[in-house]
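This report concerns only the one structure given below.
The values are calculated or read from the model by the stated rules, or taken from the named source; none is laboratory data. It should be emphasised that the depicted structure is a prediction, and the values quoted were computed from it without experimental measurement. Glycine gets a Cβ as well: all are built from the backbone with ideal geometry, and neighbour counts include every protein chain shown.
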Amino acid sequence: MITLRTTQGDISIELDFDKAPNTAANYLQYARDGFYNGTIFHRVIPGFMVQGGGMDAEMNEKESRESIENEADNGLTNEIGTLAMARTSDPHSASSQFFINVSNNGFLNHSGKNSQGWGYAVFGKVVEGMDVVNAITEMETGSAGHHQDVPVETIEVTETVIGDAYSDK
């Protein structure tokens, strides 16, 4: 289990190394490196998702590692409480940013290896702290520069705690 300690409370997640081995390993490495500490949930859309893992409190994007191959064809679906990789229109552009689904977002699932069907790779799920995630979706949002749906109150990851289960991964 990995616990994101945030200014709104703890969110504990479990990664799926069986179905999304590269994506889970990528996320775990960012967590081990302390990359997520000091990042914020910078995009919050009620009834859809909360996104984080790439911006600091001043909305500066942190420098991330190379993008990873999209594993959205792994059979996991974008359901409430699952974590998926955020990306650009390039299906293989995910790096550090992720989102937590707060609805069943089937339209984000893999449907084919083409530009319209790649989908967003699910690689884990929230096992504790969905109440924190849901509380985040109720916070007021606005714009910051060219970014929309930014929480007015900063929601920062202050610490990333990696459980013993991931010590051998």
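Observations on the structure shown:
- Test result for E128, surrounded by fewer than 21 Cβ atoms within 10 Å (Cβ to Cβ), under 24 Å from T154 (Cβ atoms), among the acidic types (D, E) and at pLDDT below 95: no
- Whichever residue in the range 153-169 is among the polar types (S, T, N, Q) and under 17 Å from G54 (Cβ atoms) and, among such residues, is surrounded by the most Cβ atoms within 10 Å (Cβ to Cβ): T160
- Boolean, F123 is within 23 Å of V150 (Cβ to Cβ) and within 11 Å of the chain's Cα centre (by Cα): no
- So A94, is it within 11 Å of the chain's Cα centre (by Cα), buried (at least 21 other Cβ atoms within 10 Å of the Cβ) and in a loop (DSSP other than H, G, I, E, B): yes
- Scanning the range 107-114 finds no residues that are within 14 Å of the chain's Cα centre (by Cα), part of a loop (DSSP other than H, G, I, E, B) and buried (at least 19 other Cβ atoms within 10 Å of the Cβ).
- Filtered residues of the range 115-147 (kept if part of a strand (DSSP E or B) and among the hydroxyl-bearing types (S, T, Y)): T141, S143
- The single condition among (1) assigned to a loop (DSSP other than H, G, I, E, B); (2) under 23 Å from M130 (Cα atoms) that S67 does not satisfy is (2).
- Count - residues of the range 70-84 that are more than 13 Å from S103 (Cα to Cα) and either modelled with pLDDT under 95 or touching a helix residue (DSSP H, G or I) at 6+ places or on another chain (Cβ under 9 Å) (or both): 4
- Where a residue in the range 108-130 is in contact (Cβ under 8 Å) with a residue 24 or more places away in the chain and its partner, wherever it lies, is in a strand (DSSP E or B) and among the aromatic types (F, W, Y), with Cβ under 9 Å and at least six apart: Y120/F99; F123/F98; G124/F98
- Test: V150 is touching a residue at least 12 places away in the same chain (Cβ under 8 Å), surrounded by 15 or more Cβ atoms within 10 Å (Cβ to Cβ) and outside any loop (DSSP other than H, G, I, E, B): yes
- Residue among A25, A20, A31 that alone is more than 21 Å from E128 (Cβ to Cβ) and touching a residue at least 40 places away in the same chain (Cβ under 8 Å): A25
- In the range 49-64, the qualifying residues are those that are assigned to a loop (DSSP other than H, G, I, E, B) and buried (at least 17 other Cβ atoms within 10 Å of the Cβ), and the one that is nearest to the chain's Cα centre (by Cα) is G53.
- Among the residues of the range 78-89, none qualifies, meaning not one is more than 20 Å from F17 (Cβ to Cβ), more than 17 Å from the chain's Cα centre (by Cα) and part of a loop (DSSP other than H, G, I, E, B).
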